[in-house]
Amino acid sequence: MKSLRLKKNEERRIKQGHLWIFSNEIDTKITPLQGFEAGEVVIVESANAKAIGVAYINPQTLICARIFSRNIKTKFNQMFLKKRIQLALELRKLNFNKPFYRLVFGDSDGLPGLVIDRFGEVFVAQINTAGMEKLKAEITQTIENLFHPQALVYRNDTTSRELEGLQQYEEVAIGSLPEEVLIEENGAKFIVPVQNGQKTGWFYDHRLARARLQSLVKNKRVLDVFSYLGGWGIEAAVAGASEVVCVDSSALALDGVDKNAALNSVEDKVTTIEGNAFDALKMLIVEVQKFDIVIIDPPAFVKRKKDIKSGTDAYRRINELALRLVEYGGILVSASCSYHMSRDNLLNQVQLASRHVDRSVQLFDQAHQAPDHPIHPAIAETEYIKTLFFRVNKPW
């Protein structure tokens, strides 16, 4: 293996446990980046030439190398994959008694660039880096050997692949992929479109927050905004909500809400509104609608640092509209999946929104991402989910 030399003192962050090496941390006089191929495995060295880990490299990207082991004798091969996936599986089995979870969560499971969601006997994988793409055949074989799945599909259609110089594609690598799969979460059942749904088909990361919501919804009128397939809303209906309204811009997603409502025998409680969330909430305000609980779980409004200003404003505006729809004494659940939107900033935007619409809010609970999305303590980016539970009051 070739060596990748770091500049003086740049190894400190790596020795503290981080896995990413940025291009400006490389001593390019000793190890010029043009001397490497995308996906090549390298030994990472500190400035004094001491080996500190083994990584794969992409000289064209800002994160130009990702460490996968501190042991420089580690081989980046099928045996490595098998051991890491088995470790990931042990953590999931510790926390879940049914096979519905994110099986592999990239860096946090020691498999940078790889995400695998499990839907029973159907597996949906995403490869996001050139280094992991080189092991695609080995990933496929490992999943086959460990699980003998009904199907494995690659949803390799993320924009991050473009940054890595990779093509976007979808491919069924094992078996025959059904159009839909059935999963269970928090006592509710869901039909999930793994091939045509959003991302890998389902958002397991909010599982804990949805369970907390269920303890609050008995005989309540609930509004689920950005509902997708009704994860929040259907689980609320199953837990005893008297009425649930789901809002989403996708007609296909709302068809899924209807299917899932019928699947759980709560179709008489669930209605849908198709349209832009901001417009739909304004319409409900004009209609003088009120709800006991409003859930705001938008897509990432802040995908990159440069989006912080516009995205922060969007969080404030959507929460302002939501607050107008909550009965006094009711509950606002405000969530964010944007890493760049900190918990404190989200809290501040809800506070600003509450003052603008003349409400008082009390933060009484919080939830974070589920245990199938473990957090790497050295990589802040692996912790991205924030969910805040507020009681909404008249102004004090």
Exercise. Quick check: anything in the range 19-29 in contact (Cβ under 8 Å) with a residue 12 or more places away in the chain and out of contact with any strand residue (DSSP E or B) (no Cβ under 7 Å at 6 or more places or on another chain)?
Worked result: no
For this session: Being in contact (Cβ under 8 Å) with a residue 24 or more places away in the chain and surrounded by fewer than 19 Cβ atoms within 10 Å (Cβ to Cβ) is the filter; apply it to the range 163-173 and report the residue that is nearest to Arg102 (Cα to Cα).
Result: Glu170
Problem set entry | Residues of the range 198-216 satisfying the condition of being without any contact (Cβ under 8 Å) to a residue 40 or more places away in the chain and either surrounded by fewer than 18 Cβ atoms within 10 Å (Cβ to Cβ) or of a type in the set (Gly, Ala, Ser) (or both) | Ala211, Ser215
Seminar exercise, completed: Subset of the range 217-261, residues of a type in the set (Ser, Thr, Tyr) and closer than 11 Å to Ile295 by Cα, comes to Ser227
For this session: Give the residues of the range 204-263 that are out of contact with any strand residue (DSSP E or B) (no Cβ under 8 Å at 6 or more places or on another chain) and closer than 25 Å to Pro374 by Cα, sorted by residue number.
Result: Ala211, Gln214, Ser215
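FYI, it's all coordinate maths here, none of it is from the lab. Please read these numbers as outputs of a predicted model, since none were measured by experiment. A quick note on method: Cβ atoms are made from the backbone with ideal geometry, for glycine too, and the neighbour counts reach across all protein chains shown.
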